[in-house]
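Please read the structure below before turning to the comments.
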Amino acid sequence: MTPQQFSQQTESLCRRAPVVPVLVVQDTAHAAPLARALVKGGLPALEVTLRTPAALDVIRAMADVDGGIVGAGTLLTPEDVRAAKHAGATFGVSPGATDRILDAAEAEDLPILPGAATASEAMRLLERGYTVQKFFPAEASGGANMLKSLSSPLPQIRFCPTGGVSLENARDYLSLPNVLCVGGSWVAPTDMVKQGNWDGITKLASEAAALR
Ligand code: 3PG
C-alpha cells in the first residue's frame with residue numbers, strides 16, 4: 001500500500017468517531033472488557049500503546065472484539081511495526097516519524113498515522129504522500145491555535161491531535177477544518193480500568209462519541 005492509500009484508510013478510521021482512545025493497558029485480562037466498553041459507548045477505533053509488556057497480547061485479545069478496530073500506538077522502531085502487525089493491529093500510530101518507521105509500515109502494509117508537531121515535519125510527511133497525520137504533543141505544541149495557523153498554508157493535511165486533549169478542549173480541535181478526530185487517554189482512566197469499571201468507561205466513551 002502507498003502512503004496515499006494509508007492516508008485514505010486513516011481518514012476513514014478517524015471519521016468513524018470523534019475520539020480515538022489512547023490505551024495503556026497493563027493486564028491482558030482487561031483487554032476484551034475494556035474494548036467492549038469503549039465500542040459500546042460508540043468509539044470503535046482503539047489505539048493500544050506499546051508501552052506495557054502486555055501490549056501485544058492486549059492487541060491480540062482486542063482484535064476478537066466485535067465492532068472494534070484495533071491499532072498499535074507508540075511505534076518507535078521497525079520491529080515495533082512488525083510486532084504490531086503480527087499481533088493483529090490494523091493500523092499504527094507513532095509520536096513522530098522517521099524514514100525507518102515509514103519504510104517498515106509501507107513494507108508491512110500497516111496503515112500508519114505518523115506524528116508531526118511543526119510545519120517542516122508536516123511538510124516532510126506530505127512530500128512522502130501522508131496527508132493524514134497525528135499532531136503531537138497537541139496542547140504543548142500550540143494546541144488548536146497552532147493547527148488553525150497550519151490550515152492556511154497546508155490545507156491538504158488533516159490531523160488527529162493527541163496529547164493533552166480532553167472532554168473540555170476537544171471541541172476546540174474538532175471544530176477546525178483540518179481536524180478529523182482527536183486522540184486521548186481520558187476515556188479510559190487507569191483507575192477505572194484497574195477497578196473494572198466498564199460501565200463508567202462506556203459512559204465516558206458515550207460523552208466523547210457525542211462530541212461531533
Ligand atoms: C499519546 O500517547 O498519544 C498521548 O500521550 C496521549 O495523551 P493524553 O494522555 O494527554 O491523552
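The values are calculated or read from the model by the stated rules, or taken from the named source; none is laboratory data. Everything quoted here is computed from the prediction, not taken from an experiment. So basically every Cβ, Gly included, is an ideal-geometry build from the backbone, and we count neighbours across all protein chains shown. Ligands, DNA and RNA are excluded from the accessible area calculation, which covers all protein heavy atoms including side chains. Shrake-Rupley method; radii C 1.70, N 1.55, O 1.52, S 1.80 Å.
Every residue in region 120-134 that is open to solvent by less than 40 Å² (accessible area, probe 1.4 Å) and either within 16 Å of the ligand (Cβ to nearest atom) or of a type in the set (A, V, I, L, M) (or both), please.
ALA122, LEU125, VAL132, GLN133, LYS134
Just checking, does region 2-10 include any residue being hydrophobic (A, V, I, L, M, F, W, C), more than 16 Å from the ligand (Cβ to nearest atom) and either surrounded by fewer than 23 Cβ atoms within 10 Å (Cβ to Cβ) or within 21 Å of THR162 (Cα to Cα) (or both)?
yes
Can you pull out the residues in region 197-212 that are surrounded by 14 or more Cβ atoms within 10 Å (Cβ to Cβ) and either out of contact with any helix residue (DSSP H, G or I) (no Cβ under 7 Å at 6 or more places or on another chain) or among the hydrophobic types (A, V, I, L, M, F, W, C) (or both)?
ASN197, TRP198, ILE201, LYS203, LEU204, ALA205, SER206, GLU207, ALA208, ALA209, LEU211, listed by residue number.
Looking at region 135-179, which of its residues are in a loop (DSSP other than H, G, I, E, B) and either at positive phi or buried (at least 23 other Cβ atoms within 10 Å of the Cβ) (or both)?
PHE136, ALA138, GLY142, GLY163, GLY164, VAL165
Of everything in region 60-82, what is aliphatic (A, V, I, L, M) and touching a strand residue (DSSP E or B) at 6+ places or on another chain (Cβ under 8 Å)? Give them in sequence order.
MET62, ALA63, ILE69, VAL70, ALA72, LEU75, VAL81
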